[in-house]
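**Q** The structure follows.
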Amino acid sequence: MLRRLVNTGLVAFGMHSKLALACGTARSCLYYEHIQPGKDHVLKLRIETVMADHPAYGYERVAMELNEGAERVRRVMRQNGLRPAIRRRKYWDKPKSPPFEDELNNLIKDIKAVRPCHIWAGDFTYLWFNDKWYYLATVIDLFSREIVGWQLGKRHKAQLIRLAYCDALSRHPPPVIFHADHGSEYTAESTKQLVGLSGGQMSYSDKGSPWQNGFQESFYGHFQLELGDLTRFEHEGELYEAIAKQLYYYNHKRIHTAIRTNPVNYREEYHLAKS
């Protein structure tokens, strides 16, 4: 109340000290100080804006998007109860592969992709839609993490894999190495011949080492979660369109933590630096 009197001018100039003495308080306590919104509050609003556009982003990707320190973003999100609207499950179950073939070699065990189209990796996932299984095969470039080719089908046969590979070839030069697990779709002679005719070599994960194709496993773990509930679609065409949009978002907009930007931007920056 005393502060209100002072700041509204109802207390004459020169009377402040006497008023403070009479009230048993310091003179400085009589002056109102306008409190500006803190920096954390401003950051909170910026975080909420990013999370509205990217509902699966955790604190690391939010920090990259805002060019802020990851620990500060993590603290502000935690203090304000901000969590991704879409959260990844802790476990990802994948059907077991057929028996391994000892003669299939891993060509990428001791090397790293050093440029676009150096190493591609292939895999497929299962989608339950309209009371039946659909299969999505994808090809990922291990340098940029870009999904360079894909195909949706009702059967997980070698033809599905070849179509996804050809889709990648329609927009990109062939890879030096095409890596996959020991699934029969990838060990099929028709798949090996296609890769060989394009100028590439087949590579396979080691026996009992499915994590060696973890690039695709990691992608599918996020992709299926962000694609969401498929029951919202009525027709196969709607599912196809949703997959295409989600892959476009992944390639062109979604920050990948390993490269700290989106895959297409990373590839383009490489070519720009080399030109």
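Matching residues to (1) modelled with pLDDT of 80 or more; (2) assigned to a loop (DSSP other than H, G, I, E, B):
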{"residue": "A12", "(1), (2)": "no, yes"}
{"residue": "L21", "(1), (2)": "no, no"}
{"residue": "I35", "(1), (2)": "no, yes"}
{"residue": "R46", "(1), (2)": "yes, no"}
{"residue": "M77", "(1), (2)": "yes, no"}
{"residue": "G81", "(1), (2)": "yes, yes"}
{"residue": "P84", "(1), (2)": "no, yes"}
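**Q** So which residues in the stretch 228-252 are within 16 Å of the chain's Cα centre (by Cα) and in contact (Cβ under 8 Å) with a residue 60 or more places away in the chain, if there are any at all?
**A** First pass over the stretch 228-252, keeping only residues within 16 Å of the chain's Cα centre (by Cα): 228, 243-252.
Selection gives G228, I243, L247, Y250, N251.
**Q** Residue check: is F143 buried (at least 18 other Cβ atoms within 10 Å of the Cβ), on the phi < 0 side of the Ramachandran plot and in a loop (DSSP other than H, G, I, E, B)?
**A** On the way: buried (at least 18 other Cβ atoms within 10 Å of the Cβ): yes; on the phi < 0 side of the Ramachandran plot: yes; in a loop (DSSP other than H, G, I, E, B): yes.
Yes.
**Q** A further question on this structure: When you go through A244, A258 one by one, which is the residue that is assigned to a loop (DSSP other than H, G, I, E, B) and either outside the structural domain of D141 (by TED's automatic domain parsing) or under 30 Å from G58 (Cβ atoms) (or both)? So that I can check it myself, show each step before the final result.
**A** Details: A244 fails: assigned to a loop (DSSP other than H, G, I, E, B).
None of the other options fit; the residue is A258.
**Q** Restricting attention to the stretch 167-178, which residues are within 20 Å of F215 (Cα to Cα) and either at pLDDT below 95 or out of contact with any His (no Cβ under 8 Å at 6 or more places or on another chain) (or both)?
**A** Scanning the stretch 167-178 gives D167, A168, L169, H172, P174, F178.
**Q** If you don't mind, another one. Determine whether K274 is out of contact with any helix residue (DSSP H, G or I) (no Cβ under 6 Å at 6 or more places or on another chain), of a type in the set (K, R), at pLDDT 90 or above and surrounded by fewer than 20 Cβ atoms within 10 Å (Cβ to Cβ).
**A** no
**Q** Further question on the same structure: Those residues that are outside any loop (DSSP other than H, G, I, E, B) and out of contact with any Phe, Trp or Tyr (no Cβ under 9 Å at 6 or more places or on another chain), I need them from the stretch 164-191; list them, please.
**A** Hits for the stretch 164-191 are C166, L169, S184, E189, S190.
**Q** OK, next. Return the residues of the stretch 195-215 that are assigned to a loop (DSSP other than H, G, I, E, B), at pLDDT 75 or above and either under 10 Å from P174 (Cα atoms) or not charged (D, E, K, R) (or both); say none if nothing qualifies. Spell out the reasoning first.
**A** At the first step, the residues of the stretch 195-215 found to be assigned to a loop (DSSP other than H, G, I, E, B) are 198-200, 205-209.
If we keep only those that are at pLDDT 75 or above as well, we get 198-200, 205-206.
Answer for the stretch 195-215, where residues must be assigned to a loop (DSSP other than H, G, I, E, B), at pLDDT 75 or above and either under 10 Å from P174 (Cα atoms) or not charged (D, E, K, R) (or both): S198, G199, G200, S205.
The values are calculated or read from the model by the stated rules, or taken from the named source; none is laboratory data. Being a predicted model, the structure only gives us computed values, none of them experimental. Note that each Cβ is placed from the backbone with ideal geometry, even for glycine, and that neighbours are counted across all protein chains shown.
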